[in-house]
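These notes concern the structure reproduced below.
We did not get these values from a lab; they are worked out from the coordinates using the rules stated. For clarity, every value in this text was computed on a predicted model and none was experimentally measured. All Cβ positions, even for glycine, are placed from backbone atoms using ideal geometry, and neighbour counts span all protein chains on display.
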């Protein structure tokens with residue numbers, strides 16, 4: 001297997017007396033979907049925050065494409081090829097689908113803000129930016145919705161838009177925090193199909209509660225309980241792991 | 001919710017026509033009027049530049065600065081200090097230096113204030129401008145509470161601002177350049193990013209934009225443009241005092257932007273003219289019996305702003321809009 005694109009080495013996050021994430025190590029590889037599951041409060045979202053740079057880790061190291069990026073702010077990680085979506089839909093509600101994607105795509109060729117050239121050129125005509133936005137639009141299947149204001153989209157399509165925005169930044173590593181949350185059956189199906197497509201060419205981390213989707217998509221599974229990883233392996237290994245059954249899957253079948 | 005529709009970034013046809021007619025009127029104005037009104041309109045144009053510079057922060061980036069007058073006043077002081085006793089300062093030196101001084105002050109102050117948000121940003125910008133105000137107010141060497149006189153207005157290379165007509169057309173040119181520049185900036189990659197920061201700063205950062213640098217650049221640029229207005233103000237009045245940096249000056253600029261409509265530059269321009277026209281009307285109201293209505297102009301102005309905010313959240317500019325066009 002090739003070198004890991006994103007690697008967490010012993011990440012911990014402490015909030016006062018609460019150890020939200022405790023010594024978590026994991027590696028994300030290209031063309032591979034790594035799912036993180038666990039009951040509510042297990043620290044999955046906090047782990048995503050640590051990996052994306054939204055929240056600084058208390059301990060541990062983060063490596064991106066062979067470079068130590070511990071402590072980098074998330075805009076810098078984003079420019080370095082790491083894209084993420086949020087548990088709570090996070091798009092520009094006031095902008096159209098296309099303008100959302102253009103702003104995302106523009107970040108890859110943005111000049112420094114203090115460069116006067118970035119004050120005087122026309123943002124809407126940059127060919128490279130338009131191409132990136134167009135690719136993301138097609139990939140996420142949003143061509144029909146191109147001109148609709150994001151606030152007027154259904155919840156499921158907003159989530160699709162958020163992933164499309166991340167794709168417009170052309171990341172190599174994708175962190176998706178519960179992309180299926182609150183979706184209807186048809187929307188879920190469309191999203192699972194999209195995630196399946198994205199597995200190729202990306203190293204992906206998927207935090208998700210929908211077990212059908214997780215077992216359909218995941219190449220590797222990590223199970224967290226109370227901030228700690230209790231098991232990690234292929235879906236088959238996880239299904240038969242006695243600790244996991246006791247701590248997590250057991251709850252559902254009980 | 002603030003939407004681009006609410007901000008009318010794309011100017012409706014009716015507003016474009018209004019602005020064009022306004023431009024023709026401004027070009028012809030000095031030919032049709034006495035000197036007094038020409039000076040009044042010059043002042044309005046200067047304040048329009050000031051209001052537009054604030055709109056870059058308030059309407060476009062979502063940073064409500066209650067201390068923007070600090071950069072306006074500072075530029076005026078620079079002109080005063082650069083003016084010799086018996087001659088005018090060379091405008092080719094005084095204008096860039098005045099704008100540079102304002103930009104530098106905005107850069108340094110901005111470095112501390114743009115990391116704050118919402119109400120804290122409002123308070124901190126106000127605190128810094130009050131510090132500047134008292135720095136000039138309390139120091140005799142800087143002019144003290146009396147301010148500084150400019151005996152001869154700036155001139156040099158093709159320009160003599162002692163000439164009221166030249167001052168008028170020079171101010172008009174500065175206003176047009178500022179307007180064109182900011183409208184262009186609004187649609188530039190920089191402007192789109194500032195718009196993103198106003199709508200959702202966290203998302204903008206997550207997309208890879210260093211929002212701090214963007215906000216600091218906007219703050220500095222707005223300071224420089226306020227400096228342009230301050231230069232012209234000093235050149236027109238021939239006098240600067242600490243009030244130019246004061247709280248009232250900053251608050252008036254905010255009201256101008258709200259009155260006209262935020263976030264599209266044109267609204268700030270219209271708002272500045274509207275504010276000054278209403279001000280003149282209110283200060284000219286008749287005495288009714290024992291009640292001097294003109295003395296209470298602030299009451300009428302306050303009521304007007306409240307009324308505009310309630311019935312026309314997009315400001316005077318929103319009222320110009322053709323409602324039918326919205327449903328197309």
(request) Mind jotting down the three principal axis lengths of the protein assembly as shown based on Cα atoms? Whole angstrom, largest first. (result) 92, 55, 51
(message) Between segment A:143-196 and segment B:189-250, what is the separation of their alpha carbon centroids in Å?
(response) 35
(request) Calculate the translational D of segment B:1-132 in whole µm² s⁻¹ from Stokes-Einstein, where the hydrodynamic radius comes from the Kirkwood formula applied to all Cα pairs, the temperature is 25 °C and the viscosity 0.890 mPa s. (result) 139
(message) Please report the spacing between the Cα centers of segment A:19-46 and segment B:262-299 in Å, no decimals.
(response) 61
(message) Using only the alpha-carbon atoms, what does segment A:90-170 span along each of its principal axes? Please give whole angstrom values in decreasing order.
(response) 39, 22, 18
(request) Please list B:165-175, A:177-187 highest first by mean number of surrounding beta-carbon atoms within 10 Å per residue. (result) B:165-175, A:177-187
(request) Just order B:213-219, A:117-123, B:182-188 by mean Cβ neighbour count inside 10 Å, highest at the front, would you? (result) B:213-219, B:182-188, A:117-123
(request) Rounded to the nearest 10 degrees, what's the angle between the helix A:127-139 long axis and the longest principal axis of chain A, both from Cα atoms, 0 to 90? (result) 40
(request) With a cut-off of 14 Å, note down the residues of segment B:255-290 whose backbone N falls inside the zone around a label point 7 Å from the Cα of residue B:303 toward its beta carbon. (result) B:282-283, B:285-286, B:288
(request) Work out, step by step, the length gained on full extension between residue A:40 and residue A:201: first 0.36 nm times the residue separation, then minus their alpha carbon distance; give nm to one decimal. (result) 54.9 nm
(request) Taking the Cα atoms of segment A:180-238, report the difference between the largest and smallest coordinate on each principal axis, in whole Å and largest first. (result) 33, 27, 19
(message) Counting other beta carbons within 10 Å of each residue's own, what order do B:131, B:126, B:52 fall into, fewest first?
(response) B:131, B:126, B:52
(request) Once you have the Kirkwood Rh of segment B:13-322 from its Cα pairs, apply Stokes-Einstein at 37 °C and 0.692 mPa s and quote D in µm²/s. (result) 165
(request) Kindly state, as a whole number, the per residue volume in cubic angstrom of the convex hull around the alpha carbon atoms of chain A. (result) 139
(message) Order these by the 10 Å Cβ neighbour count, fewest first: B:295, A:200.
(response) A:200, B:295
(request) Place the peptides A:226-235, A:70-79 in order of packing, highest mean first, counting for every residue the other Cβ atoms within 10 Å and averaging per peptide. (result) A:70-79, A:226-235
(message) Starting from 0.36 nm per residue, how many nanometres of slack lie between residue A:58 and residue A:209 once their C-alpha separation is accounted for?
(response) 51.7 nm
(request) Using only Cα atoms, tell me the angle between helix A:97-106 and the longest principal axis of chain A; keep it within 0 to 90° and round to the nearest 10. (result) 90
(message) Looking at the protein assembly as shown only, what percent of DSSP beta bridges run antiparallel? Nearest 5 please.
(response) 60
(message) If I model a spin label as a point 7 Å beyond the Cα along the Cα-Cβ vector, how far apart are those points for residue A:193 and residue A:154 in nm?
(response) 1.3
(message) Using only Cα atoms and rounding to the nearest 10 degrees, what angle (0 to 90) does helix A:185-199 make with the longest principal axis of chain A?
(response) 90
(request) Describe numerically, in nm with one decimal, the distance between label points set 7 Å from Cα along Cα→Cβ at residue A:15 and at residue A:216. (result) 3.2
(request) For an R0 of 60 angstrom, estimate the FRET efficiency from the Cβ-Cβ distance between residue A:234 and residue B:116 and round to the nearest 0.05. (result) 0.80
(request) Please give the FRET efficiency for residue B:278 paired with residue A:143, using the beta carbon to beta carbon distance and R0 = 60 Å, rounded to the nearest 0.05. (result) 0.80
(request) Kindly put B:310, B:49, B:305 in sequence by how many other C-beta atoms sit within 10 Å of each C-beta, fewest to most. (result) B:310, B:305, B:49
(message) Over the Cα atoms of segment B:132-278, what radius of gyration and what Dmax do you get, in Å?
(response) 18.1, 54
(message) Place a point 7 Å from the Cα of residue B:10 along the Cα-to-Cβ direction; which residues of segment B:176-212 have their backbone N under 17 Å from it?
(response) B:184, B:186-188, B:192
(request) Along Cα→Cβ, 7 Å out, is where each label goes; now give me the distance between the ones at residue A:112 and residue B:176 in nm to one decimal. (result) 3.4
(message) Test of understanding: what is the full-extension gain from residue B:164 to residue B:40, defined as 0.36 nm times their sequence separation minus their Cα-Cα distance?
(response) 43.5 nm
